[in-house]
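Student: Quick one: the structure is below, questions incoming.
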Amino acid sequence: MNKFVLITLSAACLAISGYGGELQDYLDRGQAQEASKLWKARLSQQPADDNLRFETAVTEVIAGTQELAQKWHRFGLQSGFEGMVPFLRMPIPRNPQPEAVTYEQVRRALLDFQTSLNQAASDLAPIQDSSTMKVPLDVQSIKLELAPGAGTNEAVRITLWSVFYHMGRGPQPQLSNGLVHFDVGDARWLEGYCHLLSALIDMQAAYDGRDLFNHTAQLFFPNPVTPYPYLKVRSAPDLSYDNIMDAVTLIHLLHLKLEDPQRMRSARENLLSVIQLSRRSWRDIDAETDNDHKWIPNPRQDGALTRNKITPEMLQGWNRFLDESESLLQGKTLAPFWRLAPGESGEGINLEKVFTQPADFDLVLWLQGTAADPYLEKGSVSDTRFWSSLNQAFHGDFLYYAIWFN
């Protein structure tokens with residue numbers, strides 16, 4: 001048997017075993033939930049296979065995202081104001097027959113998504129930094145099926161790629177090829193993103209949002225179950241008087257009772273994990289010497305999906321950002337306080353205590369400054385000039401790169 005035949009047979013065996021082709025087929029058909037069950041079973045039989053471990057985590061994240069999108073579609077999530085709330089920023093097509101939705105169902109949808117994220121992070125954690133894993137995936141062709149059982153009706157399908165760009169409110173590029181070869185640096189990146197999204201859910205779930213839902217859910221869902229059924233009658237989908245007043249009410253009611261303080265502590269631990277994993281991810285990425293369809297390239301590589309080049313100055317700035325963020329979350333450095341008198345210095349906000357000794361949340365009082373009073377201390381305050389220089393290193397687009405870099 002010649003070498004060409006051996007290589008061909010080996011490639012076929014890899015595709016059959018789930019490396020690349022088979023997984024891509026499942027995800028392109030919008031069958032992430034089915035893939036997740038199958039890959040979990042395979043991983044239980046082959047726990048030392050890092051490629052399989054990464055693929056399993058990918059199916060869990062995508063299946064969790066798809067399940068969340070399916071619920072938003074069932075409940076008729078509507079465009080216009082969903083961008084005001086994290087995890088509602090998804091390009092959900094209109095559902096002409098939306099179901100009624102309760103506060104408990106919305107909260108449960110987020111917590112179920114968090115369960116998927118936590119499981120994915122747990123599956124990724126055993127992958128060592130020395131791993132040689134490599135998983136090819138075309139990220140542009142992955143579909144999310146929003147109405148299971150509806151067959152090939154494209155009206156109830158969206159792409160994962162569109163979700164990613166809709167959440168960031170950036171222009172969605174048209175790619176001729178969405179192929180990425182994910183390696184160990186990307187495994188750390190995905191693990192970190194799971195912790196980041198879990199932290200955001202923790203921060204929302206720490207507070208009782210029932211009153212907020214009862215007064216403003218009609219901004220997001222056509223049929224919310226609340227004590228005020230007349231609020232469902234909306235005069236127009238645009239900036240009508242009713243919509244504007246409902247939006248004002250949303251801001252007015254952002255004074256939330258603390259319900260589960262442990263979730264704020266969990267959010268802080270998750271954010272610290274994000275920082276640690278980002279450092280590990282970039283150590284792996286910066287050490288790479290190939291140029292093979294990179295998800296996040298180092299300064300010597302090209303990105304598979306973007307023309308944006310990473311410069312050494314960006315990487316240096318990112319590492320400084322991680323150090324400063326960690327110091328803030330540990331309370332070693334204080335966040336600047338904006339109500340100090342001219343010339344006054346040395347007092348700032350202890351963010352560690354904001355998370356470990358949380359209180360009721362009131363947006364207006366935080367903007368005014370008095371909500372920060374219990375957390376004000378004398379000490380080393382983060383230099384605002386650092387944050388200005390950081391944005392300059394990223395050519396004014398630090399937030400964009402931060403979302404990408406994680």
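We did not get these values from a lab; they are worked out from the coordinates using the rules stated. Computed from a predicted model, the values in this text were never measured in an experiment. Methodologically, a virtual Cβ is constructed for each residue, glycine included, from the backbone with ideal geometry; neighbour enumeration extends over all protein chains shown.
Student: With a Förster radius of 30 Å, plug the Cβ-Cβ distance of Leu258 and Trp338 into 1/(1 + (r/R0)^6) and report the FRET value to the nearest 0.05.
Tutor: E(calc), rounded to 0.05, equals 0.80.
Student: Suppose a student asked you for the relative contact order of the chain, using Cα pairs under 8 Å spaced at least 6 residues apart; what percent would you report?
Tutor: Averaging sequence separation for qualifying contacts and normalising by length gives 14 percent for the chain.
Student: Name the helices (complete DSSP H segments) of the chain with a Cα length along the long axis of 24 Å or more and a Kyte-Doolittle mean of at least -0.5, or state none.
Tutor: 103-124, 184-205
Student: Over region 312-405, one equal point on each Cα, no solvent: what is log10 I(q)/I(0) by the Debye formula at q = 0.13, 0.25 Å⁻¹?
Tutor: Log-scaled intensity ratios, in q order: -0.52, -1.22.
Student: Have a look at His195, His215, His395 and tell me which one the Gaussian network model of the chain (Cα, springs below 10 Å) gives the largest fluctuation.
Tutor: Comparing His195, His215, His395 in a Gaussian network model of the chain, the most mobile one is His395.
Student: Using only alpha carbon pairs under 8 Å that are at least six residues apart, calculate the relative contact order of region 312-405 and give it in whole percent.
Tutor: 31
Student: A further question follows. With a 10 Å Cβ neighbour count serving as the proxy for reagent exposure, in which order, fewest first, do Phe75, Phe164, Phe405 appear?
Tutor: Phe164, Phe405, Phe75
Student: Can you tell me the dipole magnitude for the chain around its Cα centre, using point charges on the Cβ only (Lys, Arg +1; Asp, Glu -1), in Debye to the nearest 20?
Tutor: 360
Student: If I take every Cα pair under 8 Å that is 6 or more residues apart in region 219-347, average their sequence separation and divide by the length, what percent do I get for the relative contact order?
Tutor: The value is 13 percent.
Student: To continue, here is another question. Rounded to the nearest 500 deg cm²/dmol, what is the calculated helix-only ellipticity per residue at 222 nm for the chain, with -39500 (n - 2.57) per DSSP H run of length n ≥ 4?
Tutor: -16500 deg cm²/dmol
Student: Could you tell me whether the chain comes out rounded, prolate or oblate from its Cα gyration tensor? Rule is a ≥ b ≥ c as square roots of the eigenvalues, rounded for a/c under 1.5, then prolate if a/b exceeds b/c, otherwise oblate.
Tutor: oblate
Student: With Cβ to Cβ distances under 15 Å as the rule, what net charge do the other residues near Ser382 carry (K, R +1; D, E -1)?
Tutor: Around Ser382, the surrounding residues sum to -3.
Student: Just to confirm a number: summing +1 for Lys and Arg and -1 for Asp and Glu over residues other than Tyr193 whose beta-carbon lies under 13 angstrom from that of Tyr193, what do you get?
Tutor: Summing Lys and Arg as +1 and Asp and Glu as -1 gives -2.
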